[in-house]
Amino acid sequence: MRSLTGQVIIITGASSGIGEATARRLVRGGARVGLSARRANRLEALARELDPSGANVLAVAGDITNAADREKLVAATVAKFGRIDGLVNNAGYGTRGPVELVPVEAVRKNFETNLFSLIALTQLVLPHLRERGDGCIVNIGSVAGKIARPLSSIYDSTKHALEAITDGLRGELKPFGVRVTLIRPGFILTEFVDAADAASTGIIEKAGPYAPYLGGFRVGYDKLRRIAGTPDDIARLVERVLTADNPAPRYSAPLHAKVFLFLKWLLPDRALEFIVRLRK
């Protein structure tokens, strides 16, 4: 087991949800953190709450899709703490709607945030880890990265792609002592659903022939709320990964996430499609 005390960890999407819970847990454990998110006021308020002295928490507001903001985040973290020990790639959002009707630009935008910008930030951090022969990359994926759902296939495909990137990175970085792990959250009670609704409003309002199926989509989410986990369920896994000498390639939480992934492994595709398909 490794000690969390003194580790320098960058966390993206840190102003709410899983990112915020991860920041709280890591700071309690003695880590020093560089926090990134677009909402400067919330990010700075969180940083002051976690460490009024400012010695162990750095808030660097910015947009992960902006190259200059990514460079600023890495440079500011190194300037303040002297090194980087880990990166938690958590920033992301969802686009909803039938593939036929989602504008290609909206697809590109979702991939830009959830995948391309994640890769670009990782590329900036990796030299610091590789040259020291130590460090950890934690990518926050999703059960949806393994089980795609109707009307959510754009978001789900970004998480499918993240599975491949994570596996490739793990093999590439193992000779340098850098650990790479994917965490697959199930349904977690955060602002994610509201943000996905807001990002997809125009698409949903013009659903046309797909409109009758949207009700089934919402019913499914309402059912999931009954078994939803909390952001700290995922934050605990992040802490577990960062303190493990040899973390597993993948973790999932809460319990329903593990059940769904087991069913994916166990059942033939047609049976699984019956479970996740939408009904009028």
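The values are calculated or read from the model by the stated rules, or taken from the named source; none is laboratory data. Keep in mind the model is a prediction, meaning the values are calculated, not measured. Because the Cβ atoms are built from the backbone with ideal geometry, glycine has one as well, and the counts that use them run over all protein chains shown. Side chains included, ligands, DNA and RNA excluded: accessible areas come from the protein's heavy atoms. Shrake-Rupley method; radii C 1.70, N 1.55, O 1.52, S 1.80 Å.
Mind ordering 108-117, 177-186 by average Cβ neighbours within 10 Å, highest first?
Averaged packing, sorted descending, gives the order 177-186, 108-117.
Skip the ligands, DNA and RNA, and give the accessible area per residue of the chain with a 1.4 Å probe, whole Å². Intermediate results must be reported in sequence, preceding the final value.
Numbers: 13210 Å² over 280 residues.
Here the per-residue accessible area is 47 Å².
A 18 angstrom limit on the alpha carbon distance is what I want to check against. Which of LYS146/LYS258; LYS159/LYS264; LYS146/LYS174; LYS159/LYS223 exceed it?
Result: LYS146/LYS174; LYS159/LYS223 exceed 18 Å.
At a 1.4 Å probe, what is the % contribution of carbon and sulfur to the accessible area of the range 98-161?
Taking all protein chains in place, the range 98-161 shows 58 percent carbon and sulfur surface.
Give a residue-ordered list of calculated ³J(HN,Hα) values for the range 94-108 (Karplus: 6.51 cos²θ - 1.76 cosθ + 1.60, θ = phi - 60°; whole Hz; x for Gly, Pro).
Taking θ as phi minus 60°, the curve returns x, 10, 10, x, x, 3, 4, 10, 7, x, 4, 5, 5, 5, 4 Hz for the range 94-108.
Would you mind checking the radius of gyration and Dmax of the range 20-75 based on alpha-carbon positions, in Å?
Rg and Dmax of the range 20-75, Cα atoms, are 11.0, 31 Å.
Over the heavy atoms of HIS160, what accessible area does a 1.4 Å probe trace out, to the nearest 10 Å²?
Ignoring ligands and nucleic acids, HIS160 comes out at about 80 Å².
How big is the range 125-261 by Rg and Dmax over its Cα atoms, in Å?
Just the Cα atoms of the range 125-261 yield Rg and Dmax of 17.3, 56 Å.
Would you compute, from DSSP H runs of 4+ residues alone, the mean residue ellipticity of the chain at 222 nm, taking -39500 (n - 2.57) per run and dividing by the full residue count, rounded to the nearest 500?
Working: 12 runs with 143 residues, N = 280.
Mean residue ellipticity, 222 nm, calculated: -16000 deg cm²/dmol.
Under a crude label model (7 Å from the Cα following the beta-carbon direction), how far is SER3 from GLU273 in nanometres?
5.5
Bin by bin, in steps of 5 Å, what percent of the Cα pairs in the range 90-133 do you find, going until the bin that has the longest distance?
5, 20, 21, 16, 12, 10, 7, 5, 3, 1
Tell me the Rg and the Dmax, in Å, that the Cα atoms of the range 1-122 produce.
When restricted to the Cα atoms of the range 1-122, Rg and Dmax are 15.3, 52 Å.
Using R₀ = 25 Å, calculate the FRET efficiency as 1/(1 + (r/R₀)^6) where r is the Cβ-Cβ separation of THR201 and ALA148; round to 0.05.
Here the calculated transfer efficiency is 0.65.
Can you tell me which lysines have their Cα less than 18 Å from the Cα of LYS72? Leave out same-chain residues fewer than eight positions away.
LYS80
Give me the Debye-computed log₁₀ of I(q)/I(0) at q = 0.08, 0.10, 0.14 Å⁻¹ for the chain, equal point scatterers on Cα only, no solvent, two decimals.
-0.33, -0.51, -0.99
Over the range 5-68, with every protein chain in place, what whole percent of the accessible area is carbon and sulfur at 1.4 Å, could you tell me?
Taking all protein chains in place, the range 5-68 shows 46 percent carbon and sulfur surface.
Lysines within cross-link reach of LYS206: Cα-Cα under 22 Å, excluding same-chain residues under 8 positions apart?
Partners found: LYS109, LYS280.
Please report the projected area of the range 232-280's Cα convex hull averaged over all directions, in nm². Intermediate results must be reported in sequence, preceding the final value.
Numbers: hull surface 19.3 nm².
Result: 4.8 nm².
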